[in-house]
Number of protein chains: 2
Amino acid sequence: MINVAILGFGVVGSGTAEVIEKNRDVIKAKTGADIRIKHILDLRDFPGSPFETLITHDFNDIIADKDVDIVVEAMGGAHPAYDFSKAALEAGKNVVTSNKLVVAQFGTELLSIAEKNGVRYLFEASVGGGIPIIKPMMSDLAQNNIDAISGILNGTTNYILTQMSENGTSFEAALKEAQAKGYAEADPTSDIEGHDAARKIVILAALAYGKLISPDAIHCEGITKIDSRDVTFAEELENYSIKLIGHAEKVGDRILAFVAPRLIAAANPLHDVSDVFNGILVGCDMLGDAMFYGRGAGKLPTASAVVSDVIDIAVKLGTSAGSAKWTDAKENDIAPFADHVCAHYFRIAGCSKCMEKVFASDDVKCSITADGECAFITKPMTEKDALAKEKEFAEKEIKVLSRIRVL
Amino acid sequence: MINVAILGFGVVGSGTAEVIEKNRDVIKAKTGADIRIKHILDLRDFPGSPFETLITHDFNDIIADKDVDIVVEAMGGAHPAYDFSKAALEAGKNVVTSNKLVVAQFGTELLSIAEKNGVRYLFEASVGGGIPIIKPMMSDLAQNNIDAISGILNGTTNYILTQMSENGTSFEAALKEAQAKGYAEADPTSDIEGHDAARKIVILAALAYGKLISPDAIHCEGITKIDSRDVTFAEELENYSIKLIGHAEKVGDRILAFVAPRLIAAANPLHDVSDVFNGILVGCDMLGDAMFYGRGAGKLPTASAVVSDVIDIAVKLGTSAGSAKWTDAKENDIAPFADHVCAHYFRIAGCSKCMEKVFASDDVKCSITADGECAFITKPMTEKDALAKEKEFAEKEIKVLSRIRVL
């Protein structure tokens with residue numbers, strides 16, 4: 001019997017309780033794990049809930065209970081989620097979380113405390129919602145060097161971009177629709193500005209390359225500047241779709257990571273990952289490309305990932321094997337974004353003649369002119385050179401309406 | 001230090017050695033596993049190979065070596081692969097295999113022998129080549145009831161169908177091309193008749209439902225009867241693609257599994273899984289749909305999966321936890337194929353009036369007539385009813401040119 005305490009009885013916390021109770025039989029049959037929820041910490045009471053009697057308002061009830069093997073942190077936010085996680089690990093309890101903010105900010109410290117105390121700190125639900133990606137990165141793909149990771153990591157922005165592409169909706173209208181459907185929060189900043197995806201890509205990069213970069217240290221660009229015209233041009237140029245991509249790759253000994261909208265070619269399996277779904281493409285030196293696809297958010301999908309961590313701890317109780325190993329990245333572990341090389345999509349006010357004032361025709365892969373605008377895709381070039389080209393357009397008084405990197 | 005013996009130094013065996021040697025550092029850094037290849041069993045010598053000195057021609061050298069922790073069976077075929085695997089397990093050695101034939105036929109017995117001897121029998125590489133799917137099914141998804149599994153499990157047939165779709169190639173020409181590229185064997189029967197996919201889907205069904213069905217006990221239909229006309233009509237009807245699908249689902253308490261070509265709707269993530277890639281869509285009650293995508297065959301991808309099993313054993317040496325648990329299916333565990341319900345695509349010689357002699361217009365979702373043929377898609381109906389409709393056409397002397405099930 002494994003005893004679990006859940007911190008926070010909101011969406012993820014109550015979903016976790018639901019998965020454990022509903023699927024008790026299949027969990028036991030498949031893994032042998034017999035899981036009991038012993039405490040639920042929340043400020044509120046839940047009269048009438050089947051879990052009513054398990055509610056406590058005092059975190060010390062959980063810390064002091066020697067029977068509690070696993071603490072599920074489902075509070076969200078940095079504090080007290082971090083503090084409670086730390087205290088639980090120091091008390092020799094395993095901790096499972098869905099909190100990407102805490103993992104991206106305090107993961108190194110918490111993993112180290114877990115190791116010292118012979119317990120584990122797991123966070124499958126922090127990236128890709130219900131999709132198994134953290135444990136596959138840690139174990140199933142461990143025999144590969146990871147060449148690159150490119151992920152559609154945020155369901156809200158993917159829903160908005162899908163609406164813009166399929167129904168010609170404007171960004172503003174698509175955002176309102178996402179909010180009405182409960183896919184976007186009242187304050188959608190963290191999603192649409194890419195901060196959520198930034199937290200997730202630094203976690204994946206840490207698993208791949210052993211160094212945790214602060215999400216604040218990477219280039220992070222959201223989708224607020226994407227215009228319906230870009231979506232149309234991208235499709236017309238060469239059937240590209242536009243997706244918000246968290247990307248990480250190794251450049252020599254350094255890690256290059258960033259979040260930005262990208263043009264995705266039709267042959268790329270990420271091209272058709274639509275609506276609130278997430279897809280994570282992992283380029284491996286032995287296996288080649290593998291993609292993990294599924295629901296990147298939502299109560300039960302996220303809870304499913306939380307419970308997979310609970311089970312993983314339950315079946316290996318008493319060992320800290322199977323924990324992530326990384327250190328905090330130092331400045332010289334991080335490759336400058338200016339060195340990143342890819343093709344670039346430009347949309348300028350003008351025609352192909354304006355384009356040719358800055359780009360030699362040899363440096364352009366394809367172009368299209370319509371309604372006084374010209375969209376084109378360059379050959380691969382560094383971010384630095386692409387910025388220089390932007391300046392050249394400005395000097396020639398040609399307005400650059402968009403620049404989007406091509407994956 | 002973990003000592004490994006490899007049985008068979010062909011494509012998978014030599015790939016396994018290559019992955020272990022090339023990526024020794026990353027494996028050790030990520031998992032702590034320090035793996036040494038101690039013996040390689042093959043009938044041939046390999047003069048000049050870096051592994052020359054490890055070659056033995058006598059299996060007893062391996063069985064008798066107490067230092068050998070893991071035996072990698074990469075021989076292929078039923079015998080002596082099964083016999084050697086059994087002997088190794090009985091000698092207290094863990095066994096890893098890529099051999100779907102042996103797993104599908106003898107898996108229940110070998111798992112039971114492994115358990116009795118406190119060791120493990122793992123087979124990640126037996127399904128989906130390098131794609132992590134076996135271990136995710138066993139652990140990451142264990143908190144879900146599996147509603148259904150639908151997989152593109154055979155790279156050869158997917159390559160052929162992609163050629164037929166993208167280039168209008170005939171089945172015969174596409175098969176020859178696949179053979180020229182080394183994707184299809186000289187005798188392609190096992191691939192194109194669906195036998196390979198049948199072995200794989202029964203393994204996945206056993207992981208999902210705890211019962212191993214003999215591949216011979218399921219309906220198995222290959223792609224040899226797919227005509228270029230079907231590919232064109234399917235696309236024109238509603239942008240369907242045609243893929244060879246291994247499918248398993250629970251019908252009440254029984255398991256329904258079969259292999260057949262299927263029409264795949266554009267919204268299904270399997271729709272665009274092309275060329276030699278595999279994609280496995282797993283419908284979970286909590287997580288929803290998850291898809292695992294990647295290279296389903298090839299030397300290094302398959303070896304990558306083999307080595308992931310080796311690592312999994314290495315990091316948990318001395319335990320039999322994390323093993324598949326299933327029993328052999330009995331006759332009443334298997335749902336009859338006649339009960340399977342789906343929409344059906346028919347192509348008949350004639351026009352829509354011929355169609356209407358058998359199908360009421362209400363029972364048809366969409367239809368198209370061209371060049372003296374009519375293709376249409378029915379509303380969902382049982383296999384039994386679809387067969388009855390085929391007979392009705394025959395009685396009315398209308399030739400049914402194709403019937404393909406819709407996923």
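The values are calculated or read from the model by the stated rules, or taken from the named source; none is laboratory data. Keep in mind that this is a model prediction, so the values were computed, not measured. All Cβ positions, even for glycine, are placed from backbone atoms using ideal geometry, and neighbour counts span all protein chains on display.
I need the full set of residues from the range B:341-356 which are at pLDDT below 95 and in a loop (DSSP other than H, G, I, E, B), in order please. Matches in the range B:341-356: B:Gly350, B:Cys351.
The rows are residues; the columns are (1) of a type in the set (Gly, Ala, Ser); (2) more than 7 Å from chain A (Cβ to nearest Cβ); (3) in contact (Cβ under 8 Å) with a residue 24 or more places away in the chain.
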position	(1), (2), (3)
B:Thr108	no, yes, yes
B:Lys116	no, yes, no
B:Leu122	no, yes, yes
B:Val127	no, yes, yes
B:Ile131	no, no, yes
B:Pro136	no, no, yes
B:Ala142	yes, no, no
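Every condition in (1) of a type outside the set (S, T, N, Q); (2) out of contact with any helix residue (DSSP H, G or I) (no Cβ under 9 Å at 6 or more places or on another chain); (3) over 16 Å from B:Ser320 (Cα atoms) is met by B:Ile62 except one, and the failing one is (2).
Of all positions in the range A:273-290, none carries a residue that is more than 21 Å from A:Gly13 (Cβ to Cβ), surrounded by fewer than 20 Cβ atoms within 10 Å (Cβ to Cβ), touching a strand residue (DSSP E or B) at 6+ places or on another chain (Cβ under 8 Å) and not assigned by TED's automatic domain parsing to the domain that holds A:Glu166. Could you go through the range B:229-245 and let me know if any residue there is within 14 Å of another protein chain (Cβ to nearest Cβ), closer than 28 Å to B:Asn144 by Cα and β-branched (Val, Ile, Thr). So far as the range B:229-245 goes, no, none of its residues is within 14 Å of another protein chain (Cβ to nearest Cβ), closer than 28 Å to B:Asn144 by Cα and β-branched (Val, Ile, Thr). The residue pairs whose first member lies in the range B:356-384 and is free of Cβ contacts under 8 Å to residues at least 60 places away in the same chain and over 15 Å from B:Val400 (Cβ atoms), whose second member is among the charged types (D, E, K, R) and part of a strand (DSSP E or B), and whose beta carbons are closer than 9 Å, counting only pairs six or more residues apart or on different chains, are B:Lys379/B:Lys365. May I ask you to list the residues in the range B:128-140 that are among the hydrophobic types (A, V, I, L, M, F, W, C) and surrounded by fewer than 24 Cβ atoms within 10 Å (Cβ to Cβ)? B:Met138, the sole residue that qualifies. Checking each residue in the range B:159-199 for being under 20 Å from the mean Cα position of the chain (by Cα), touching a residue at least 40 places away in the same chain (Cβ under 8 Å) and closer than 13 Å to B:Asp275 by Cα picks out B:Tyr159, B:Ile160, B:Leu161, B:Thr162, B:Tyr183. Over 25 Å from A:Ser228 (Cβ atoms), under 30 Å from the mean Cα position of the chain (by Cα) and surrounded by fewer than 16 Cβ atoms within 10 Å (Cβ to Cβ), is that true of A:Asp362? Taking the combined requirement at face value, the residue does not satisfy it.
So which residues in the range A:119-133 are of a type in the set (Val, Ile, Thr) and within 12 Å of the chain's Cα centre (by Cα), if there are any at all? If the condition is that a residue be of a type in the set (Val, Ile, Thr) and within 12 Å of the chain's Cα centre (by Cα), then A:Val127, A:Ile131, A:Ile133 are the ones that fit. Look at (1) surrounded by fewer than 22 Cβ atoms within 10 Å (Cβ to Cβ); (2) at pLDDT 95 or above; (3) more than 20 Å from the chain's Cα centre (by Cα) and you find that B:Ala217 fails only one, number (3). Just give me the residues in the range B:48-91 being over 13 Å from B:Val119 (Cα atoms) and part of a strand (DSSP E or B), in sequence order. Residues satisfying the conditions are B:Ile55, B:Thr56, B:Val72, B:Glu73. No other residue among B:Val364, B:Val341, B:Val310, B:Val358 is closer than 30 Å to A:Asp285 by Cβ and among the β-branched types (Val, Ile, Thr) apart from B:Val310. Checking each residue in the range B:26-41 for being free of Cβ contacts under 8 Å to residues at least 12 places away in the same chain and more than 9 Å from chain A (Cβ to nearest Cβ) picks out only B:Lys28.
Screening the candidates B:Val202, B:Val231 for the property of being within 15 Å of the chain's Cα centre (by Cα) and either buried (at least 17 other Cβ atoms within 10 Å of the Cβ) or in contact (Cβ under 8 Å) with a residue 24 or more places away in the chain (or both) yields one hit, B:Val202.
Condition check ((1) touching a Lys or Arg at 6+ places or on another chain (Cβ under 7 Å); (2) more than 26 Å from B:Gly130 (Cα to Cα); (3) without any contact (Cβ under 8 Å) to a residue 60 or more places away in the chain) across all residues:
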position	(1), (2), (3)
B:Ile55	no, no, yes
B:Lys66	no, yes, yes
B:Ala81	no, no, no
B:Ala91	no, yes, yes
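Of the strands (runs of 3 or more DSSP E) that lie entirely inside the range A:251-321, those containing 3 or more residues that are within 9 Å of chain B (Cβ to nearest Cβ) span A:277-284, A:288-295.
Of all residues assigned to the range B:151-164, none qualifies as being within 14 Å of another protein chain (Cβ to nearest Cβ), in contact with a Pro (Cβ under 8 Å, 6 or more places away or on another chain) and at pLDDT 95 or above. Return a yes/no flag: does the range B:152-166 have any residue that is in the same structural domain as B:Asn268 (by TED's automatic domain parsing) and surrounded by fewer than 19 Cβ atoms within 10 Å (Cβ to Cβ). Looking through the range B:152-166, at least one residue is in the same structural domain as B:Asn268 (by TED's automatic domain parsing) and surrounded by fewer than 19 Cβ atoms within 10 Å (Cβ to Cβ).
Let's see how each residue does on (1) modelled with pLDDT of 95 or more; (2) surrounded by 19 or more Cβ atoms within 10 Å (Cβ to Cβ):
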residue: B:Ile2; (1), (2): yes, yes
residue: B:Gly8; (1), (2): yes, yes
residue: B:Thr31; (1), (2): no, yes
residue: B:Arg44; (1), (2): yes, no
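Could you say whether any residue in the range B:14-21 is within 14 Å of chain A (Cβ to nearest Cβ), among the charged types (D, E, K, R), surrounded by fewer than 24 Cβ atoms within 10 Å (Cβ to Cβ) and in a helix (DSSP H, G or I)? Within the range B:14-21, one or more residues are within 14 Å of chain A (Cβ to nearest Cβ), among the charged types (D, E, K, R), surrounded by fewer than 24 Cβ atoms within 10 Å (Cβ to Cβ) and in a helix (DSSP H, G or I).
Across the range B:324-340, the qualifying residues are those that are modelled with pLDDT of 95 or more and surrounded by 15 or more Cβ atoms within 10 Å (Cβ to Cβ), and the one among them that is farthest from B:Glu115 (Cα to Cα) is B:His340.
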